[in-house]
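Let me begin by presenting the structure, written as structure tokens, before commenting on it.
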Amino acid sequence: MLKVDSLFKSFGALLATDNLSFQVKKGDIHAIIGPNGAGKTTLIGQLTGEIESDSGSILFDGNNISGVPVHLRSAHGLARSFQISNIFHDMTTWDNVALAVQAHAGHSFHFWKNASQEQELRRPAIEFLAMVGLENRAKFVAGQLSHGEHRQLEIAMALATNPKMLLLDEPMAGMGPKESQAIVKILQNLKRKLTILLIEHDMDVVFTLADRITVLVNGRGIATDIPDAIKKNQKVIAAYLGEESYHA
Amino acid sequence: MKGTPRIIFIVILMLGLGVVPLLADYFDEPFYTVMFSRMLILSIGAVSLNLILGFGGMVSFGHAVYLGIGSYMVGIGTMHAVEDGIEWMANGFLQITLAIVFSALTGLVIGAISLRTRGVYFIMITLAFSQMLYFVAVGNERYGGDDGLSLYMRSDFNGLIDITNDNSLYYLNFVILLLSLYLSHRLINSRFGMVIRGAKSNEQRMRAIGFPVFRYQLVAFVIAGTICGIAGVLSANQTEFVNPSVMHWTRSGDLIIMTVLGGLGTLFGPVIGAVAFLFLEEFLSGITEYWQLYFGPMLVLVVIFARGGIDGMLVGLDKWWSRNSTVKNEEID
Amino acid sequence: MNWTLLLEQTLNGFQFGILLFLLAAGLTLIFGIMDLINLAHGSLYMMGAYFAATFTKWTGSFLLGAILAIPACMAFGMIVEMIALRTLYTRNHLDQVLATFGLILFFNEFVRLIWGPIGLDIPLPEVLNGSVELFLGIRYPAFRLVIIAVGILVAFLLYLLVSRTKLGMLIRAGASNRQMISALGVNINFLYTIVFGLGAALAGLAGLMAGPIMTVEIGMGEGILIITLVVIVIGGVGSIKGAFVAALLVGLIDTLGRSFLPDILGLFFSNDVADTAAPAISSMLIYLLMALILAIKPQGLFPPRGA
């Protein structure tokens, strides 16, 4: 589904992405882990189109998306959630997801009909909300939701664009154990239906969910393998020795 | 329908505006018809600005330029009709059509360049472009230059309405205001409106979910400019005078003030704001010659303290009212 | 080709550019560091002219008047900053635009109240009033040369200030990280007030130098403010180097354009067309320049910190 090949990106003297190559298999939950400063944010930026790579290619579902602008990546089938909840705070939860649905329901140069009454938009939206367990909060203003609910909303919005692959940027960020469990369940339900690229710090979650893991250190991919193999990989262990981010 | 204070206020305001000419005639004070007529015209301008500023978050500091375009279509047409005998150029329908066409084109060009920028750049660039057109008008000797053009007749609407009568012009303005309010209402609730509002709320997210934000904002920009151009046509007829100052950047500033004062991103806010602004101006200039000495700081204070504008205060009033009413109901039960 | 006219207008362009630079440097500095868009910057320019006019009248000497006017402007600016502008730093740009717009109205009326509605004159001393002979027998007004010289000196001093002094370092650092600066124990409020004062002094200097050659009148700041905004957009908001380059560019293009456009157009079109179109197009030149530059570099020529 996703093939990253020899990706390079530097910011002045800082080499943020260093000859990175890995593949994500269709239907997999593929996790990217690595210590802080490993270049995960830069990688996401290049995958979503917000950052332009210096060299290398990104093949998504067979298509080279390296030069494709941000708003078109969604059309290709790549959806992302944000690490810091990036929702429409002043609109209702329902509106948030409906907008995501609207983005893929043809053009929006419709000037007359009331969009809040269009079943074509509202019904799928409420279904996606149900998928993440937020259907009871549909009419609430999104800004009023709890942090955990924001993360759920993030996923609902990404799902609403009917993606082929979901890029989840630290979905567990700032969540307590119970809230994390809710998200893990959502993701487990999505297994096989979607390809998921998961950037995460929380090792428990990663090892529970991931089919394959790529380890990123200093912009470079030091290993890509199944979870069990990664656990035993010498290079990985060395990279994490003394690393405080390993949640027990 | 709930009788909340806010709704009552708005209804009274709109009804009030509707009967001004009748009252003015009754009390034999035609001056008020003219004064309120001006409020109506500026309300239309503010409603159009609210589309992009209030709902879209685009701080355009050059919106008065469309008032200028509309005004000059009337001015130029009427001038040729009177001086050169080309009668059809004074035709109101033609002038409105030309105003629409040129406002749309201007909006398209200015928007296409400005909307590629954000934040301060956008503000400054829209300001600069409107000032550019102001200078073009000032330098244009043929059509009055700095002194402007006097209109010897108002636009001719083929007998459909005779706007040489101040009351008729008033009602034309009123009808167009109602139409723009209705259009505004439909627009902001439509899919198109959702995109514009979403872009104001979180542009990055809009792009991430797949919206090509630029083209929608450009269309909104053009629509807003076009409606304002129509207001310009009305304005020229109202004052029977056209000069570049109608599109000076301080006029754009006035429009922004009206929109913010009334309440950004609300349907009737612009009308409330325009009325309040002009009332304040009338009132203060009646008291002292140096009214801007007070108006300026007042503005600063409104900005700092009354974030939601007058409409925001009304909403607050509503909340207070509903809390008190609920208590009363419980007592009865 | 009238070479005398060309030289004269080129120098005029430089001189106009220098005035623009003084205004733009202050405005871009204030924006770059405090993220404050200050429409009332033109009012500070106006105050410079009015202060200079008054002090010149009192002391009988333009030089003294100018020397007194600069700190007066700086003080005036700092007072305005402390009273009215502090609350705006955390506000969005729309609020800042509105509030500073309100300040413009206030200052214009304030000036009218104190100095009256009629414009003032600033008489120049004999030594500055005449013209200086440049090469080839071409004469050029002495005062305008002084403006250019002062401007270049100020540009140089600013460069030294920003790159070599501690204040300059704070200015550069403050622009990129406000919290860090206050964490270092530097009083942010004090820094901002000083920076604003500096910007006010520059604007005032521009105003007092412009005063003798243009009229000192109410609202004189607004016209040049817009052009200043064009300058900082072209140069890159927040960049002093950009302001310098853009100011000279704008000054030259505007001045030379107005002088020579009728002739240039006359080469291609009939004189009638050239005469009517030229004034209109001349006024548009700098805006067209701005549009052109933005089309290629939307952040201006020298955007700071690669924003």
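Tabulated values for the structure
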{"read-out": "28 Å Cα-Cα threshold exceeded, pairs from A:Lys9/A:Lys193; A:Lys191/A:Lys231; B:Lys200/B:Lys319", "value": "A:Lys9/A:Lys193"}
{"read-out": "Positive minus negative residues near C:Arg139 (Lys, Arg vs Asp, Glu; Cβ under 10 Å)", "value": "-2"}
{"read-out": "Ordering of A:50-60, B:165-175 by packing [mean C-beta count within 10 Å, highest first]", "value": "B:165-175, A:50-60"}
{"read-out": "Kirkwood hydrodynamic radius (C-alpha pairs) into Stokes-Einstein, the stretch C:168-301, 20 °C and 1.002 mPa s, D in µm²/s", "value": "122"}
{"read-out": "Nonlocal amide H pairs with A:Phe140, under 5 Å, H built at 1.01 Å", "value": "A:Thr93, A:Trp94"}
{"read-out": "Rounded, prolate or oblate (a/c below 1.5 giving rounded, otherwise prolate when a/b exceeds b/c) for chain B by Cα gyration tensor", "value": "oblate"}
{"read-out": "Peptide A:185-196, shielding by other chains (average Cβ, 10 Å cutoff)", "value": "0"}
{"read-out": "Order of C:Arg258, A:Arg192 - criterion: other Cβ atoms within 10 Å of each residue's Cβ, fewest first", "value": "A:Arg192, C:Arg258"}
{"read-out": "Packing-based ranking, highest mean first, of C:95-108, C:260-273 given that Cβ atoms within 10 Å are counted", "value": "C:95-108, C:260-273"}
{"read-out": "Averaged over B:193-206, number of beta-carbon atoms from partner chains that fall within 10 Å", "value": "6"}
{"read-out": "Straight-distance crosslink candidates among aspartates and glutamates, where the alpha carbon sits under 16 Å from A:Lys26 and sequence neighbours closer than 8 are dropped", "value": "A:Asp61, A:Asp211, A:Asp225"}
{"read-out": "Relative contact order of the stretch A:108-248, defined on C-alpha pairs under 8 angstrom at six or more residues apart (%)", "value": "16"}
{"read-out": "Cα gyration tensor, the protein assembly as shown - rounded (a/c under 1.5), prolate or oblate", "value": "oblate"}
{"read-out": "Straight-distance crosslink candidates among lysines, where the alpha carbon sits under 23 Å from C:Lys166 and sequence neighbours closer than 8 are dropped", "value": "C:Lys241"}
{"read-out": "Exposure rule at most 16 other beta-carbon atoms within 10 Å, DSSP loop trypsin sites (Lys or Arg not before Pro): chain B longest free segment", "value": "B:119-306"}
{"read-out": "Sequence-separation-based contact order of the stretch A:87-162, relative, with Cα cut under 8 Å and 6+ spacing, percent", "value": "49"}
{"read-out": "Amide proton proximity set for A:Ala223, modelled H, under 5 Å, gap of 5+", "value": "A:Val215"}
{"read-out": "Hz values of 3J(HN,Hα) by residue in the stretch C:241-253 - Karplus curve (6.51, -1.76, 1.60), Gly and Pro given as x", "value": "4, x, 4, 5, 4, 5, 4, 5, 4, 5, x, 5, 4"}
{"read-out": "Packing rank of B:27-34, B:99-106, C:234-241, A:103-110, where each peptide gets the mean count of other beta carbons within 10 Å, highest leading", "value": "C:234-241, B:99-106, A:103-110, B:27-34"}
{"read-out": "Computed helical MRE - 222 nm, the protein assembly as shown, DSSP H runs ≥ 4 contributing -39500 (n - 2.57), nearest 500", "value": "-21500 deg cm²/dmol"}
{"read-out": "Normalised contact order of chain C, rounded percent, pairs of Cα under 8 Å and 6 or more residues apart", "value": "35"}
{"read-out": "Proximal charge balance of A:Gly39 [Cβ under 9 Å; K/R count +1, D/E count -1]", "value": "+2"}
{"read-out": "Cα long-axis angle, helix C:62-80 against chain C (0 to 90 degrees, to the nearest 10)", "value": "40"}
{"read-out": "0 to 90° range, to nearest 10: angle between helix C:41-59 axis and chain C longest Cα axis", "value": "80"}
{"read-out": "C-alpha long axis of helix A:147-159 to longest principal axis of chain A, angle in °", "value": "80"}
{"read-out": "Average other protein chain Cβ within 10 Å of Cβ, residues A:106-117", "value": "6"}
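Readers should treat all values here as calculations from the given coordinates under stated rules, not as data from a laboratory. Quick caveat, the model's predicted, so the values are computed rather than measured. Here Cβ is always computed from backbone atoms with ideal geometry, including for glycine, and neighbour counts include all displayed protein chains.
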